[in-house]
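Shown next, in structure tokens, is the structure this report addresses.
The values are calculated or read from the model by the stated rules, or taken from the named source; none is laboratory data. Remember, predicted model here, so these are calculated numbers, not experimental data. Cβ atoms come from the backbone with ideal geometry, glycine included; neighbour counts cover every protein chain shown.
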Amino acid sequence: MNIYLPVAHTSINLIVMLSIGIGIGMLSGLFGVGGGFLITPVLMMFGIPPTVAAASGANQMVAASTSATLTHWKLGNVDMKMGVYLLIGSFLGGGLGVQAVKILNSMGNIDFVIKLTYVLLPFTVGGLMLGETLKKKKPAVDHVPPRKSAFSKLMETLPFQMEFVKSGVRHSIILPVGIGILVGVLAAIMGVGGGFIMVPIMLYILKMPMRVIIGTSVFQILFTVIEVTFLQSYTNHTVDFVLALVMLIGSSVGAYVGTIFSTRLNTEQLKVLLALLILSVGFKILFELMSEPTLLLAYSAGGK
Amino acid sequence: MMRAKLFKTLLSALVLLLSVSAANAALKVHVDKELIPIDAFYKGGSLTINGSVDSNSDVIVKITSPIENESFMVKAKFYHLFWMNKDKVDIKKVNSVYMLYSSNDIDRILSDNEKSKYLLGYDAIRQSVGINGGSDKDTLFSEFIKVKEAGKLYSASEGNKVILIPSTKGKNSFWLTVKMPYQVPIGSYNIEVYAVSNKMVIEKAFDEVKIEPVGVVSQISDMSMTHGGLYGLLAIIIALATGYMVTPMLGIAKKIVFAIITAPKRILDNIGGQQLSAIPLLKETNNIQKGERNA
């Protein structure tokens, strides 16, 4: 059974799209990531224009992160103070990102930029995750107390230092605001909530405890994707909420099943699998960018 | 009185002339629909074009969108590494959609002059369009055709797509079913039917078909373009509501699935329980019967 997407102006097979949603939801349930970074490239593979895929992916993330935020809020896992500063940054970043999409779209290279970010970020994040997991497997030679890195020392010299009680850390507010801007820009360009970037940043740079990281990350992601959805609708008219609805129904069911399975699997194995998955997405898009396209012409934005 | 008689005579002559000319019009065309509606389950539409033509004529059918200018980006290798859009090319005076069908091989039934005159075939289009930008115009045009064919917006059949059926009184019936893929955009399309004989177009007829969204598709599509802010808010509210409801709903679904899976076991347990509870009753009845016999 096919359904017609009123904004993407394309017809899709409902069963196929629901199955993709379930598949992506299962992966996100298994690995604890939002799945946004998987949805956009998969939709592009099925002929959805990259701008519509990214904007509708952000809309789908609104539903996914609402459910997750409510659960973590009830468990008391959200650091509101940190979340608000991250939000200020991501709101600024989201606005910048949407404008960047508009400019790049008019220049005719938005598809290239979206694909390139899908190469660079998965390689960075996937590589880091794989490296960390493999490093942990090596036996520790001796117990030397960790030394502060140059980056940590630099961060301590920044003004507006503040105590974040719930996370038990002290940082300059410039740091979460800056990280928020980065995530906001990526959310607009890639159609992702930014969880797969935010979680490692909170863990390795903000040094927050894992319990609070996930809750604060989904809280901040919820508001970022709300902003991006609104701005993409208002500025670029690229949100197809029919597509988003189909994907979120599938991914909700898949995420539920994935969460059940995740409790029965080894965490370290899951991390390696996730890193490999992220890297494979990056490799696939890199291959596409480097091999000669079958069509040497592409429609220019507003090409008529 | 004389004037009235003269007027009557002229009128009858005009009616006669019109009826004779209609009878002489060898090409008659009928298109089965004026509108292909895009509804929520649209996956492309179909169009049937039929009619009659002189028995010694072939038929060519051309479906096109109005002529316009289109812009494209030429992909080129960036620093010998990545393929990306580089130079802009404008293709002027071109149809964004072009579909050509015929009852025979066009090159065999029509002269080059006639093909150019009526824009029938890719070679004729190449001669009529203007290409601004890029150096090798012929390669650009062949890439343009590739893009259009890949998007299912251009097709030029090799012939025999229009079926000719011999009929009576020196006439042939013709029949063509056209699949309009979902990729064909919303708009108005011209249908031109040509009767061809001795490598010349001898007659032509026109019609029109529209592809338009209807119902909910039309409302959503219009709203996203004209009221982007309101559309965005609605998209967010729907997603928030779905996200809010999804966990409790999945919880309920889990209970239902669990109930269905465990139903046979529970039924068996109940039957077993009833049988077990029936055993003391049987024992009691047996004891009464034994007591009655002893008495």
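Can you confirm whether residue A:205 is more than 29 Å from residue A:50 (Cα to Cα) and either within 10 Å of chain B (Cβ to nearest Cβ) or β-branched (Val, Ile, Thr) (or both)?
On the way: more than 29 Å from residue A:50 (Cα to Cα): yes; either within 10 Å of chain B (Cβ to nearest Cβ) or β-branched (Val, Ile, Thr) (or both): yes.
So residue A:205 fits the description; yes.
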Residues of the stretch B:109-159 that turn out to be within 18 Å of residue B:75 (Cα to Cα), part of a helix (DSSP H, G or I) and either out of contact with any helix residue (DSSP H, G or I) (no Cβ under 7 Å at 6 or more places or on another chain) or basic (Lys, Arg) (or both), as a count
12
Qualifying residue in the stretch B:212-219 (condition: at pLDDT 90 or above, touching a helix residue (DSSP H, G or I) at 6+ places or on another chain (Cβ under 6 Å) and within 19 Å of residue A:4 (Cα to Cα))
yes
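So which residues in the stretch A:113-157 are of a type in the set (Val, Ile, Thr), surrounded by fewer than 10 Cβ atoms within 10 Å (Cβ to Cβ) and at pLDDT 70 or above, if there are any at all? Break it down stepwise before answering.
Narrowing the stretch A:113-157 to residues of a type in the set (Val, Ile, Thr): A:113-114, A:117, A:119, A:124-125, A:133, A:141, A:144, A:157.
When the remaining residues are screened for being surrounded by fewer than 10 Cβ atoms within 10 Å (Cβ to Cβ), the result is A:141, A:144, A:157.
If the condition is that a residue be of a type in the set (Val, Ile, Thr), surrounded by fewer than 10 Cβ atoms within 10 Å (Cβ to Cβ) and at pLDDT 70 or above, then A:157 is the only one that fits.
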Subset of the stretch A:73-112 that is crowded, with 18+ Cβ neighbours inside 10 Å and outside any helix (DSSP H, G or I) - its residue that is farthest from the chain's Cα centre (by Cα):
A:108
Among the residues listed as B:61, B:74, the single one being more than 14 Å from chain A (Cβ to nearest Cβ) and either touching a residue at least 24 places away in the same chain (Cβ under 8 Å) or closer than 22 Å to residue B:212 by Cβ (or both)
B:61
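Check the stretch B:233-247 and report whether any residue there is farther than 30 Å from residue A:225 by Cα, modelled with pLDDT of 90 or more, more than 9 Å from every other protein chain (Cβ to nearest Cβ) and surrounded by fewer than 16 Cβ atoms within 10 Å (Cβ to Cβ). Spell out the reasoning first.
We begin by selecting, within the stretch B:233-247, every residue farther than 30 Å from residue A:225 by Cα; these are none.
So far as the stretch B:233-247 goes, no, none of its residues is farther than 30 Å from residue A:225 by Cα, modelled with pLDDT of 90 or more, more than 9 Å from every other protein chain (Cβ to nearest Cβ) and surrounded by fewer than 16 Cβ atoms within 10 Å (Cβ to Cβ).
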Hey, residue A:103 without any contact (Cβ under 8 Å) to a residue 40 or more places away in the chain and β-branched (Val, Ile, Thr) or not
yes
Kindly check whether there is at least one residue in the stretch B:87-96 that is aliphatic (A, V, I, L, M), away from chain A (no Cβ under 14 Å) and at negative phi.
no
Can you confirm whether the stretch A:238-248 contains a residue that is more than 10 Å from chain B (Cβ to nearest Cβ), at pLDDT 85 or above and within 18 Å of the chain's Cα centre (by Cα)?
yes
For residue B:239, which of the numbered conditions (1) in contact with a Pro (Cβ under 9 Å, 6 or more places away or on another chain); (2) closer than 18 Å to residue A:56 by Cβ fails to hold?
(1)
Name the residues in the stretch B:203-219 that are surrounded by fewer than 16 Cβ atoms within 10 Å (Cβ to Cβ), of a type in the set (A, V, I, L, M, F, W, C) and part of a strand (DSSP E or B), would you?
B:206
Within the set of pairs 6+ apart or on separate chains, which have a first residue in the stretch A:107-124 that is more than 9 Å from every other protein chain (Cβ to nearest Cβ), a second that is outside any loop (DSSP other than H, G, I, E, B) and at pLDDT below 75, and C-beta atoms under 6 Å apart?
A:117/A:190; A:122/A:278
Within the stretch B:143-172, the residues that are of a type outside the set (D, E, K, R), surrounded by 16 or more Cβ atoms within 10 Å (Cβ to Cβ) and more than 15 Å from the chain's Cα centre (by Cα) are B:144, B:145, B:147, B:156, B:157, B:159, B:162, B:164, B:172
I want to confirm something. Restricting to the stretch A:5-20 and keeping residues that are in contact (Cβ under 8 Å) with a residue 12 or more places away in the chain and within 12 Å of chain B (Cβ to nearest Cβ), which single residue is surrounded by the most Cβ atoms within 10 Å (Cβ to Cβ)?
A:7
I'd like to check something: does the stretch B:180-197 contain any residue that is touching a residue at least 40 places away in the same chain (Cβ under 8 Å), among the polar types (S, T, N, Q) and crowded, with 18+ Cβ neighbours inside 10 Å?
no
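Residue by residue through the stretch B:24-42, note down the ones that are surrounded by fewer than 15 Cβ atoms within 10 Å (Cβ to Cβ) and either within 14 Å of another protein chain (Cβ to nearest Cβ) or among the polar types (S, T, N, Q) (or both).
Kept after step one, since they are surrounded by fewer than 15 Cβ atoms within 10 Å (Cβ to Cβ), are these residues of the stretch B:24-42: B:24-25, B:30, B:32-35, B:39, B:41.
Within the stretch B:24-42, B:24, B:39, B:41 meet the criteria.
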